[in-house]
Amino acid sequence: MKAERKTLDRALSRAGVMSRSQAEQAIRDGRVRVNGLREREPSTWVDLSRDDVKLDEQPLARWQPLYLALYKPTGLVTSRSDERGRGTVYELLQDVGVWIAPVGRLDKETSGLLLFTNDTDLAERITNPSSKLPKTYEVCARGELDDARLAQLARGVQLDDGMTREALVRLLERSDGRTQLELVITEGRNRQVRRMLEAVGSEVLTLHRSAIGPVKLGELAVGAHRKLRPHEVRALRGE
């Protein structure tokens with residue numbers, strides 16, 4: 001195995017055991033041993049190909065990667081806790097039993113597909129803009145958007161953080177002062193879809209994410225979650 005030295009807190013995080021801040025606290029609490037000796041310094045360098053690292057007396061190899069798809073309803077925030085007392089997506093994951101983190105976010109008023117994993121390498125790949133992973137949204141927008149404005153969305157619009165990439169736009173319905181459309185983007189900027197619609201003089205009324213790359217909600221019920229299938233994980237890795 002190729003040697004790859006990491007600080008101890010980062011090694012635990014990379015192994016999918018817990019977040020880096022949680023790992024730092026676990027180390028300081030004396031829960032980690034390196035080569036049989038208790039280690040309380042998170043910045044200690046280790047090489048997992050040579051060093052025997054255990055958490056709570058269990059080798060890191062015991063910890064297995066987990067990949068979940070959650071159908072997030074509106075009304076929940078994408079965080080473990082909320083200082084304003086709002087409900088969070090973790091209320092729907094209480095049966096999981098291990099540390100797991102969202103891959104990207106959906107705002108409180110957006111529903112749909114949200115991925116969770118303890119595989120930090122894959123999470124970084126999915127969220128990295130260079131991956132250009134397509135994300136599919138169903139949008140209900142205010143106003144009956146004409147073809148020119150739909151074409152503008154497809155070409156890219158100017159936001160305060162730069163031009164958006166080209167997108168796929170499919171008109172679903174245009175009536176009663178509203179426009180239903182499917183929008184596929186390959187970026188993940190904060191509130192990007194909402195800002196794109198504002199840039200063409202409209203406003204998102206409802207927003208739903210139906211797919212991330214090869215992973216689709218399918219028949220998953222609102223508020224439910226499922227494990228990703230092996231072929232979905234391989235596709236997310238680009239294999």
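The values are calculated or read from the model by the stated rules, or taken from the named source; none is laboratory data. No experiment lies behind these values; they were computed from the predicted model shown. Glycine gets a Cβ as well: all are built from the backbone with ideal geometry, and neighbour counts include every protein chain shown.
Of the residues that make up the stretch 195-202, is at least one modelled with pLDDT of 95 or more, under 17 Å from the mean Cα position of the chain (by Cα) and surrounded by 13 or more Cβ atoms within 10 Å (Cβ to Cβ)?
Just the residues of the stretch 195-202 that are modelled with pLDDT of 95 or more, to begin with: 195-202.
Checking the rest, the ones that are also under 17 Å from the mean Cα position of the chain (by Cα) come to none.
For the stretch 195-202, residues modelled with pLDDT of 95 or more, under 17 Å from the mean Cα position of the chain (by Cα) and surrounded by 13 or more Cβ atoms within 10 Å (Cβ to Cβ): absent.
Kindly check whether there is at least one residue in the stretch 113-126 that is part of a strand (DSSP E or B), modelled with pLDDT of 95 or more, touching a Ser or Thr at 6+ places or on another chain (Cβ under 7 Å) and surrounded by 15 or more Cβ atoms within 10 Å (Cβ to Cβ). Spell out the reasoning first.
First pass over the stretch 113-126, keeping only residues part of a strand (DSSP E or B): 113-117.
Still in the running and modelled with pLDDT of 95 or more: 113-116.
Next cut, touching a Ser or Thr at 6+ places or on another chain (Cβ under 7 Å) only: 113-114.
After this cut, where a residue has to be surrounded by 15 or more Cβ atoms within 10 Å (Cβ to Cβ) as well, the list is 113-114.
Yes: the stretch 113-126 contains one or more residues that are part of a strand (DSSP E or B), modelled with pLDDT of 95 or more, touching a Ser or Thr at 6+ places or on another chain (Cβ under 7 Å) and surrounded by 15 or more Cβ atoms within 10 Å (Cβ to Cβ).
Inspect all residues belonging to the stretch 169-179 and state whether any of them is β-branched (Val, Ile, Thr) and surrounded by fewer than 16 Cβ atoms within 10 Å (Cβ to Cβ). Step through it out loud before you land on a result.
Just the residues of the stretch 169-179 that are β-branched (Val, Ile, Thr), to begin with: 169, 179.
Now narrow it down to the ones that are surrounded by fewer than 16 Cβ atoms within 10 Å (Cβ to Cβ): none.
No, the stretch 169-179 contains no residue that is β-branched (Val, Ile, Thr) and surrounded by fewer than 16 Cβ atoms within 10 Å (Cβ to Cβ).
Sort out which residues of the stretch 168-203 are in contact with a strand residue (DSSP E or B) (Cβ under 8 Å, 6 or more places away or on another chain) and among the hydrophobic types (A, V, I, L, M, F, W, C), and write them in order of number.
Across the stretch 168-203, the qualifying residues are LEU168, VAL169, LEU171, LEU172, LEU181, LEU183, VAL184, ILE185, VAL193, MET196, LEU197, ALA199.
May I ask you to verify whether LEU68 is under 24 Å from GLU232 (Cβ atoms) and surrounded by 15 or more Cβ atoms within 10 Å (Cβ to Cβ)? Don't jump to the end; show me each part of the working.
Numbers: under 24 Å from GLU232 (Cβ atoms): yes; surrounded by 15 or more Cβ atoms within 10 Å (Cβ to Cβ): yes.
Yes: the conditions hold for LEU68.
Applying the selection to the stretch 132-159, what residues are closer than 12 Å to LEU171 by Cβ and part of a loop (DSSP other than H, G, I, E, B)?
Listed by number, the residues that qualify are GLU144, LEU145, ASP146.
Can you pull out the residues in the stretch 223-239 that are assigned to a strand (DSSP E or B) and surrounded by 13 or more Cβ atoms within 10 Å (Cβ to Cβ)?
Those that are assigned to a strand (DSSP E or B) and surrounded by 13 or more Cβ atoms within 10 Å (Cβ to Cβ): HIS225, ARG226.
Pull up the stretch 1-55, narrow it to residues that are modelled with pLDDT under 90 and among the hydroxyl-bearing types (Ser, Thr, Tyr), then point me to the one that is nearest to ARG80 (Cα to Cα).
SER19
In the list ALA11, ALA23, which residue meets the criterion of being outside any loop (DSSP other than H, G, I, E, B) and either touching a Ser or Thr at 6+ places or on another chain (Cβ under 9 Å) or of a type in the set (D, E, K, R) (or both)?
The conditions single out ALA23.
Going through the stretch 44-68 one residue at a time, which ones are of a type in the set (Asp, Glu) and without any contact (Cβ under 8 Å) to a residue 24 or more places away in the chain?
We begin by selecting, within the stretch 44-68, every residue of a type in the set (Asp, Glu); these are 47, 51-52, 56-57.
Passing the criteria: ASP51, ASP52.
Please go through (1) in contact (Cβ under 8 Å) with a residue 60 or more places away in the chain; (2) under 18 Å from ILE212 (Cβ atoms); (3) outside the structural domain of THR110 (by TED's automatic domain parsing) for ALA141 and return the number of the only condition it doesn't satisfy.
(2)
Working only within the stretch 21-56, note down all residues that are of a type in the set (A, V, I, L, M, F, W, C), loosely packed, with under 15 Cβ neighbours inside 10 Å and within 13 Å of LYS6 (Cα to Cα).
TRP45
Could we say that VAL17 is β-branched (Val, Ile, Thr) and assigned to a strand (DSSP E or B) here?
The answer is no for VAL17.
Can we say SER81 is touching a strand residue (DSSP E or B) at 6+ places or on another chain (Cβ under 8 Å), exposed (fewer than 12 other Cβ atoms within 10 Å of the Cβ) and polar (S, T, N, Q)?
The answer is yes for SER81.
Could you list, in sequence order, the residues of the stretch 28-85 that are outside any loop (DSSP other than H, G, I, E, B) and polar (S, T, N, Q)? Walk me through it before giving the result.
If we filter the stretch 28-85 for residues that are outside any loop (DSSP other than H, G, I, E, B), which is where we start, we get 28, 32-34, 37-38, 45-47, 53-55, 58-62, 67-72, 77.
Matches in the stretch 28-85: GLN58 only.
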